[in-house]
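The values are calculated or read from the model by the stated rules, or taken from the named source; none is laboratory data. Because the structure is a prediction, the values reported are computed rather than measured. All Cβ positions, even for glycine, are placed from backbone atoms using ideal geometry, and neighbour counts span all protein chains on display. Side chains are part of the model used for accessible areas, which takes the heavy atoms of the whole protein and leaves out ligands, DNA and RNA. Shrake-Rupley method; radii C 1.70, N 1.55, O 1.52, S 1.80 Å.
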Amino acid sequence: MKAILIIFMSMIAVLSGCTKENKNIGQGSNKDITIKNGDRVLSFQKEPQRLLTLRQHITETALELELDKYIVGSSDVIDPPVAVHLQKRYSQLPIIAEKYPSPEILIAAEPDIIWVDRKWAFVKNQLGSMQNIEKHGIKVYLSEGGYHDGSKLEYVYDDLRNMGKIFGKSERAEVLCNQMQEKVKSVEKKIGSISQKPKVLDFDSARNNLAFVGCRCMADDLIRLAGGENIFNDIDKEWASVNWEEVVKRNPDVIIIHEYRGVSGASKIAQLKANPLLQEINAVKNNRFIIINLDEVYEGVRNAETVEKFAQGFYPEKFY
């Protein structure tokens, strides 16, 4: 009788183990998922279970895709506030770095995949090389905007669809893409026919007596979609330092102000108004400034709302 009991218990253990194994296979299976990520191809034999989201705008986008349960590490909130409806969920995530963790911290988190925004993260004093990360069996997803000199809203849609496919969230990805596209279409409809576009300066900061400005960054595409014209989009790089005389020469009608890391938009406006060289440009004379959180112009789910915010600042008579 004792021998039979032992055999019976052994059978239960085996069956229980099989059930658990089968359950895990069902939860984590995405057979032969392949996506094109920039100039690279990523292949998955099963659905990843452990995700690192590096930079705030990446984490917010992952939360909107409902990937909370997969996130085992994230970047800190350095450009507050987080979108209101995401604040509680973001606060519950494990934070492992301000922006990018060291290679040691990254590998210790044991992710299956990391989602990163820019190639410049893969340097010695940040993440280290992409090859070293992949050597540890970790997949690297680089946001589509990171493969291009200029960012576009279409790349955000690509990211949503790619990550949706990887994590079995394609339906949610399409919902988000559709919501964003409808928001942009609504803005375009309100703007209507434009006889003369406002000239816009995307101002980040003053550095060494120069203006650090957005050129062919994401803000440029959002300005275009909002019916404006970025005065420095002829510079073939995302960001550039330009002299104040060139700003005066191009005479912006509106200035977009980046607010982040404890430096208020109001203080930057005061700085520009105090600059004796800028007293006669249209934006300063007419007090036309738009303050935005930096994450609103980094690639992510906030971008369609940013288009609306810009358009409201460019054409207030069409919205109010």
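Does C215 satisfy the criteria of being within 25 Å of G313 (Cα to Cα), open to solvent by less than 60 Å² (accessible area, probe 1.4 Å) and without any contact (Cβ under 8 Å) to a residue 24 or more places away in the chain?
Working: within 25 Å of G313 (Cα to Cα): yes; open to solvent by less than 60 Å² (accessible area, probe 1.4 Å): yes; without any contact (Cβ under 8 Å) to a residue 24 or more places away in the chain: no.
No, not satisfied.
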For region 112-120, state whether one or more residues are surrounded by fewer than 21 Cβ atoms within 10 Å (Cβ to Cβ), farther than 20 Å from D221 by Cβ, over 17 Å from the mean Cα position of the chain (by Cα) and modelled with pLDDT under 95.
no
So how many residues does region 265-283 have that are without any contact (Cβ under 8 Å) to a residue 24 or more places away in the chain and either part of a strand (DSSP E or B) or farther than 17 Å from G214 by Cβ (or both)?
6
Turns out the helices (runs of 4 or more DSSP H) fully within region 110-204 with at least 1 residues that are under 22 Å from P94 (Cβ atoms) are 130-135, 153-166
Only one of these is part of a loop (DSSP other than H, G, I, E, B), surrounded by fewer than 16 Cβ atoms within 10 Å (Cβ to Cβ) and not charged (D, E, K, R): N287, N233. Name it.
N287
Where residues in region 31-51 are out of contact with any helix residue (DSSP H, G or I) (no Cβ under 7 Å at 6 or more places or on another chain) and closer than 17 Å to L142 by Cα, which of them is least open to solvent (accessible area, probe 1.4 Å)?
L42
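Suppose the filter is modelled with pLDDT of 95 or more, among the β-branched types (V, I, T) and open to solvent by 30 Å² or more (accessible area, probe 1.4 Å); does V254 pass it? Quick ask: steps written out before the conclusion?
Numbers: modelled with pLDDT of 95 or more: yes; among the β-branched types (V, I, T): yes; open to solvent by 30 Å² or more (accessible area, probe 1.4 Å): no.
No.
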Strands (runs of 3 or more DSSP E) contained in region 1-88 and holding at least 2 residues modelled with pLDDT under 50 and over 21 Å from Q131 (Cα atoms):
none
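Quick one: in region 191-212, of everything that is under 26 Å from K318 (Cα atoms) and modelled with pLDDT under 95, which residue is least open to solvent (accessible area, probe 1.4 Å)?
To start, the set of residues in region 191-212 that are under 26 Å from K318 (Cα atoms) comprises 191-203.
Checking the rest, the ones that are also modelled with pLDDT under 95 come to 192-196.
Numbers: G192: 41, S193: 113, I194: 59, S195: 126, Q196: 148 Å².
The extreme case among them is G192.
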Answer with yes or no whether E238 is out of contact with any helix residue (DSSP H, G or I) (no Cβ under 8 Å at 6 or more places or on another chain), closer than 16 Å to I281 by Cα and either open to solvent by 40 Å² or more (accessible area, probe 1.4 Å) or of a type outside the set (A, V, I, L, M, F, W, C) (or both).
no
Restricting to region 70-91, what's the tally of residues that are of a type in the set (S, T, N, Q), over 19 Å from L294 (Cα atoms) and touching a residue at least 24 places away in the same chain (Cβ under 8 Å)?
0
